[in-house]
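Data block below; observations after.
Every read-out reported here was derived from the displayed coordinates using simple, explicitly stated rules and does not represent laboratory data. Here the structure is a predicted model, which is why all the values come from computation and not from measurement. Here the Cβ positions follow ideal geometry from the backbone for every residue, glycine too, while neighbour counts run over all protein chains shown.
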Amino acid sequence: MIHAVLVYGLLNGLQIAALSYAFTIVYLPTGVFYVGLAAIYSLSPYLAWSMAAANLSAAWAVFVAILAGAAFSSGLGRLLHEPLIRRDAPPSAHILASLGAYFVITESVVVVWQSESKQLLQGYGFVTELLGLQLSIAQLVAAVASAFLLAAILGILKLTRIGLIVRAASENPGQAELSGINLRLLSRLAFASSGFIAAWVSIAVASDRGFGPGSGMNALVSAVAAAFVAGRWSLWGPLVGGLVIGVVRAVAAWTLTPPWEEPATFAILALALAVRPGGLRRTTTRPEFQE
Amino acid sequence: MSYLVHLVTFLEIYFLVAAGLTLIVGQCGSLNLAHSAFFSVGAYAAAIVSIGLGTDWLIAVIAAMLIAGLASCLLSLSAWRARGDSFVLITLALQSMFFAATNNWYSDEAGVGTLQNLTNGPFGIAGIPPPTLASFAIDDGLNISVFGAFLVAVTWLTLAKAQSSPWGRMVRACRDDEIAARSLGKRASKVRAVGIAVGCSLAAAGGALYAGYVRYVDPSIGALDQSILFLSMVILGGVQRLTGALAGASILLLLPELLRVFGISGQAAASGRNIVVGVSLCLIVFLRPQGLFGEYRLRS
């Protein structure tokens, strides 16, 4: 039984890890604690669901919804955060503006689609057996989609020139700008990529577990916890943190009841921040950046 | 008339909560997203104490404030090491843990308020007895409103006095330049912990007043949306001043009434209010970061 719990935890952990990268891609180079990402996460499955309901094929509905997620996120970055970055606003101003955007988008979702939960892509619920485990097709599709996305993110960050630029700007934005890197362009790319990843993960999860207007904030908080638990400045941190949080949530749901998943996540986060504020995969911080 | 009394009572409840948050956000400089958790701690504590022990309501209110003050140590201990984003994340975590605790602390084999079934889970606690003060029943809405006005007046006078006292200046000094304050021998962490404890106790007092007035509490009062709403009150009005807390609470309380004038009510009014709150938060950050009646802008 325990191996099943571990596998389910790791599969969910992949989704948390992918969303965690969506958060850190914006957070590290710009310093923006991007709460608005939760709204993109909530909105995307509704867009896909509406387009599928309007007789668009499932593949097109998902594709357009993911692009719309990226466009919305890019818009939030351009309208809200870029002007605040130009004014050198404090982090709390970004959080408040982002919270405001989150409220507007999620409440608009409630007004348009009502607040009850919905299921995306009906008919993928039948169960198959793999390695002695019972997995639904939707669960497998979600896991494969998340694993593919994670591989793409890590590949881009580790192997490409744009990945190198993102990592350089994350580590030392001032130095990166002095070296000729266009931080404004990078920030726009970061917001759009972040929305793309969040929409992708959200639709993958929605096809497995359904979705509702409040699902974004819960998912984002787990993703942020993953980034902080394992070390937000490490390239592999969100992956390690996501898998750890996924397993912890699965064990909490198995030993207690599913509603205890969230407190278990935050108990780990609180412990990590108290014991190792830099995260499990802490990297040495230059003295001028130490808190 | 009774509807006006109802609105005034809710304004008093919101003011107590917003005043507490003003102390934490404006004076201590800690952005707190867990305030509704302390509001719900106060409401549940008052409900459980008045049902379980059958005590006078004032004692239940004081017990609620003490319990929330103690629970605030979780926040203060976090503030000891974490700053900025990390602190905000910890408050989010605490918010979620408190919400999960109130939502899940349930067993159908034990009575409400026992260790096995402390909060009655998602069903909440109903049948909270009408408030009494020294065996004088104040179950009438007007009486509760008068008692609420008394609490508001005491809170206002005490906080105004505290803010202009040496302690208030020390809190602001620790907020503005902690290292300088520490070099002068001030214990910044302790000062901040006291400020946070008082702020959380005020939220609990608001919660206890809510429990006594509505006579029913459930986990939704401690949800994240509520925390964002309380924070919006303080940000809209201005983070440092009590007039800001009162203005913010009044605006957000009267907004659904205003929407009702335009024929929007029920769930649509709640969503409409939240949309207006969201837009206001964005606008205030750009146009007037110190809030409508404030003078201090958040820096961390």
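Let me check I've understood the local charge: for A:Gly13, count other residues with C-beta under 13 angstrom from its C-beta, Lys and Arg +1, Asp and Glu -1. What total comes out? Surrounding charge for A:Gly13 is 0. Straight-line cross-link partners of A:Lys158 among the aspartates and glutamates, defined as a Cα under 16 Å from its Cα and at least 8 positions apart when in the same chain: A:Glu171.
Identify all lysines with a Cα-Cα distance to B:Lys186 below 28 Å; exclude those on the same chain that are fewer than 8 residues away in sequence. Filter leaves B:Lys161. Coupling constants for segment B:10-20 follow from the phi torsions by the Karplus curve (6.51 cos²θ - 1.76 cosθ + 1.60, θ = phi - 60°), and in residue order they are 5, 4, 5, 4, 5, 5, 4, 5, 5, 5, x Hz; glycine and proline get x. Mind checking which aspartates and glutamates have their C-alpha under 19 Å from B:Lys190, skipping anything on the same chain fewer than 8 residues away? Straight-line reach from B:Lys190, under 19 Å: B:Asp176, B:Asp177, B:Glu178. Report note on the peptides A:238-246, A:137-145: ranked by the mean count of other C-beta atoms within 10 Å, highest first, their order is A:238-246, A:137-145.
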